[in-house]
Amino acid sequence: MSSPVGIYLSVPFCKAKCSFCNFASDAYGTHRLEGYVDRLCREMAGARERAGQMGVELPGRADSVYLGGGTPSLLSAMQLQKIFVALRGEFEIDPNAEITLECAPGQLAEETLEELLRQGGNRVSLGVQSFVDREAQAVGRTHTRETCLEEIARLQRAGVRDVGMDLIAGLPHQTRASWEESLECAIVSGVTHASVYLLEVDEDSRLGREVMAGGERYGAGRVPGEDEAAELYEMACGALDAGGLGQYEISNFAREGHRSRHNLKYWRRQPYLGLGLDAHSMLRAGAGEVRFQNTDDLETYMNDGSGPLALLREEPAAEWIDREAAFEESMFLGLRVVEGVSLRVLREEFGRERVEAVRPSVEEVCEAGLLVVEGDWIRLTARGRMASNEVFSRLLEDGLPAGPVTLGHPTNEDLFVGTPVRAVTS
Ligand code: SF4
């Protein structure tokens, strides 16, 4: 029997666009949400036909459902119910499936929360980003520390099994002291999960563009430098761990037994189906896998086009993962998780010869103190996690002349490389 699939549902609607956000989300207007939900349900109904046309296997059973965005907590109870009816019409959802809703603090109606629980929802991920009001407001968040703490307490009282949050290191005005305050609040709030990301500086967000080009409108001049941001990341690793939220992945921390099962699928290369705007998928096809991604243009998505394949991004519509690419992915995705990668499993999947070819690079990176081999497992050290991008490229450079391994500060690539996971929630 094929392994169950994880399902990601993208709801790209937000009340306002945060200055740091580089997702395909926007303040599209909630009047369009109803039409979007209908479109999403049609996509679900056509998913099996699309999989058939692409020659990929779509399992009938799902053991995780993740509503991300955007701000899916803006969905009304009726809209959420409609989505689950459509979902259960196409997939058998495991009774103990992990079902997550991303939520902007203060933007989850009581009826929507009740419907989520009725549908088996057991995880809410809050886009806190910072507990310091000045920092949150500087990037366009509408919540305060009080709103966040009240929301966490309300979700816990309502019986949501896992309440988690996202935090960003490197926001404008952030200092070591203010970051400590955010981390302390996160720990004391009793959340079971925290994701910590570095501010991404790129062309796709207003703040990112301002940092690159200069300007003061979005607070670019108050963004901590790269070395400072790296320190903030290190502080988070230490403080969260000491506070009972152990690091289990480069950007993710959880209390015992509360890791995100859905996100682990991405790093373990297990099949997942993404539905909705800009959603990514990876499904098996024979002995390999295919990755594909939906369009990130809302108008294109809303227009049914000429059949189930019409909503794919034009270039590349789908990417076949050959054995070499699969080996590389297994290394750099697997090493993101603290337990690392099992050499035995790699040998079984890719053959002894392929694994042996990487051994000189592994030894070199081990000597640099960035990787350790323990029995049959290789894993990044704490220093290695700070320079994961360097480690990954070194490991995959088999056959190239060895050069010194340089250890700098973690970059966005270190925290995000190869991860199809959405970086920040609502
Ligand atoms: S960070 Fe979240 S709430 Fe802000 S615009 Fe992006 S998706 Fe919307």
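The values are calculated or read from the model by the stated rules, or taken from the named source; none is laboratory data. Predicted model, so just to flag it, every value in this text is computed and none were measured. As a convention, Cβ positions derive from the backbone with ideal geometry for all residues, glycine included, and neighbour counts pool all protein chains shown.
Here are some notes:
- Residue within segment 270-287 that is basic (Lys, Arg) and touching an Asp or Glu at 6+ places or on another chain (Cβ under 6 Å) present: yes
- Every pair of residues 6+ apart whose Cβ atoms lie under 6 Å, when the first sits in segment 382-398 and is under 21 Å from ALA357 (Cβ atoms) and assigned by TED's automatic domain parsing to the domain that holds GLY369 while the second is in a helix (DSSP H, G or I) and of a type in the set (Val, Ile, Thr): GLY384/VAL391; VAL391/VAL365; ARG394/VAL365
- Pairs meeting the criteria (first residue in segment 140-158 and without any contact (Cβ under 8 Å) to a residue 12 or more places away in the chain and more than 27 Å from ARG118 (Cα to Cα), second residue more than 15 Å from the ligand (Cβ to nearest atom) and among the aliphatic types (A, V, I, L, M), beta carbons under 9 Å, at least 6 apart or on different chains) are lacking.
- Where LEU117 falls short, out of the listed (1) surrounded by fewer than 21 Cβ atoms within 10 Å (Cβ to Cβ); (2) hydrophobic (A, V, I, L, M, F, W, C); (3) in contact with a Ser or Thr (Cβ under 7 Å, 6 or more places away or on another chain): (3)
- Count - residues of segment 107-137 that are within 21 Å of GLU184 (Cα to Cα) and either outside the structural domain of TYR218 (by TED's automatic domain parsing) or not polar (S, T, N, Q) (or both): 10
- Scanning segment 162-217 for residues that are part of a loop (DSSP other than H, G, I, E, B), surrounded by 19 or more Cβ atoms within 10 Å (Cβ to Cβ) and among the charged types (D, E, K, R) gives a single hit, GLU200.
- Single match in ASP63, ASP26 (criterion: among the charged types (D, E, K, R), more than 20 Å from THR112 (Cα to Cα) and buried (at least 19 other Cβ atoms within 10 Å of the Cβ)): ASP63
Yes or no, residue by residue, for (1) touching a Pro at 6+ places or on another chain (Cβ under 6 Å); (2) within 11 Å of the ligand (Cβ to nearest atom); (3) part of a loop (DSSP other than H, G, I, E, B):
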position	(1), (2), (3)
PHE23	no, yes, yes
GLY35	no, no, no
ARG48	no, no, no
GLU57	no, no, yes
ASP63	yes, no, no
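- Any hit, segment 48-57, residues being modelled with pLDDT of 95 or more and among the polar types (S, T, N, Q): no
- Selection count, segment 72-82, where residues are in contact with a strand residue (DSSP E or B) (Cβ under 7 Å, 6 or more places away or on another chain) and surrounded by fewer than 24 Cβ atoms within 10 Å (Cβ to Cβ): 1
- Just one of the listed residues (GLU319, GLU314, GLU289) is part of a strand (DSSP E or B) and modelled with pLDDT under 90, namely GLU319.
- Tabulated pairs, segment 34-63, first under 26 Å from CYS14 (Cα atoms) and in contact (Cβ under 8 Å) with a residue 24 or more places away in the chain, second hydroxyl-bearing (Ser, Thr, Tyr) and surrounded by 15 or more Cβ atoms within 10 Å (Cβ to Cβ), C-beta under 7 angstrom, 6+ apart or interchain: ARG39/TYR301
- Residues of segment 367-386 satisfying the condition of being over 28 Å from the mean Cα position of the chain (by Cα) and in a helix (DSSP H, G or I): GLU367
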